[in-house]
Structures are given as C-alpha cells and as structure tokens.
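J.: Starting off with a structure, shown below.
The values are calculated or read from the model by the stated rules, or taken from the named source; none is laboratory data. Just so we're clear, the structure is a prediction, and the values are computed from it rather than from any experiment. Using ideal geometry, Cβ is built from the backbone for each residue, glycine included, and neighbour counts are taken over all protein chains shown.
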Amino acid sequence: MTRFTVNKHPVEYKMDPRTPLLWALRDASNLTGTKYGCGTGDCGACTVDIDGEAVLACQVTIAGIEGSFVTTIEGLAEDRGHPIQQALIAGNVPQCGYCVPGIVMAASVLLRANRNPGEDDIKAAIPNICRCGIYPRLIEAVQHAARIARGDDPSPGPDDAEAAGNQSSGN
C-alpha cells in the first residue's frame, strides 16, 4: 500500500506500487482534471504539484512519491480563485481546455517561486504543449496572474471575464 496526501487529504492506494501517479489519480481517486496526453512526459497535460514542484504524473510511480504532498487542479482552488485561473479566464486564453489543467499547475508552481516572471522564465517553467496555440496569450496571462498575486493588479471579477468573452466572440 502506498500512502501520500492528495489535495490535503491522506490517501492510501492499494494498487501496484509501479502504477503511474496519473492513473492512480484518475482511476482510483476520480480526479480527472489531470489529463493523459502522451504518456511519455513530453506534453505536460498531466502536470501536478508534488511538494512544490511541477511534476509530470505520467512519469512518477505512486511508490516513488510515498509520503509526498500532491496538489491537482481540483485542489488548487475550488472556486477558480487562484490568480492564474483568474488571469486565464479574464484573458480568454483557454480554447479546447484539454491542456489547461497542466498549464495551470505548472504556472502556479512558477508563481510561488517567482513573483515577477519574465517571458523566458515562463517559457522555461511551462513547456506544455497546446494544440490550440495559446502561447502569446498565455505569457500575458501568467504575467497578469503575477500582478494579481503581488497585489499590483486587481483580481478580475466575473463580469470582466464575461466581457472578455463577449468581446472576442463579437457579441
């Protein structure tokens, strides 16, 4: 049995210890926000926070993280209130959304470590692949999230996100 903490809750998995964390989260814990993308560690769709580091859940076994603290997209902020979530929504960044949970998790780790990331910092910390090509808006959103987290920029409200959606759709 493998024990660690997921989203502030102790868990004990009665699975093969060689099981990738991705499958334990999705199949045993029903935390499906962590996405399967490539299974080879190249796309970043399965990124989670393990002990403050952005980690690809498809590349670590549950035995390899015994005693660790894991945060998934579901545990980051129940109300989508994390600065990166606010900034992505306000900037109308997500398109299909498949890669977004991994991007959000990588960005949240970055923002905890670097309160004022530059473009190169963001590109290095978030190598995730997005088939929709959100990269230019993503850079802006992460910098906006950093300003929100520092208190330099007010958090966008629900009306701001709705207005951004209406502007981009021509409504």
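J.: Going through region 26-66 one residue at a time, which ones are in contact (Cβ under 8 Å) with a residue 40 or more places away in the chain, closer than 18 Å to R3 by Cα and among the charged types (D, E, K, R)?
T.: Of everything in region 26-66, those that are in contact (Cβ under 8 Å) with a residue 40 or more places away in the chain, closer than 18 Å to R3 by Cα and among the charged types (D, E, K, R) turn out to be D49, E66.
J.: Scan the strands (runs of 3 or more DSSP E) fully inside region 1-72 and keep the ones with 3 or more residues being within 18 Å of the chain's Cα centre (by Cα). Write out each step before concluding.
T.: On the way: elements: 2-6, 9-13, 47-50, 53-56, 69-71.
Counting at least 3 such residues, we get 47-50, 53-56, 69-71.
Here is a yes/no grid of residues against (1) more than 25 Å from K8 (Cα to Cα); (2) loosely packed, with under 13 Cβ neighbours inside 10 Å; (3) in contact with a Lys or Arg (Cβ under 7 Å, 6 or more places away or on another chain):
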residue: D79; (1), (2), (3): no, yes, no
residue: P83; (1), (2), (3): no, no, no
residue: A90; (1), (2), (3): yes, no, no
residue: R115; (1), (2), (3): no, yes, yes
residue: Y135; (1), (2), (3): yes, no, no
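J.: Further, regarding this structure: Mind telling me which of the residues I73, I65 ends up being modelled with pLDDT of 95 or more, in contact with a Gly (Cβ under 8 Å, 6 or more places away or on another chain) and either under 22 Å from C130 (Cβ atoms) or not charged (D, E, K, R) (or both)? Working first, answer last.
T.: Numbers: I65 fails: in contact with a Gly (Cβ under 8 Å, 6 or more places away or on another chain).
Residue meeting the stated conditions: I73.
J.: Need a quick list: helices (runs of 4 or more DSSP H) entirely within region 85-158 having at least 3 residues that are in contact with a Cys (Cβ under 9 Å, 6 or more places away or on another chain).
T.: Details: elements: 100-113, 119-125, 135-150.
Those helices (runs of 4 or more DSSP H) span 100-113.
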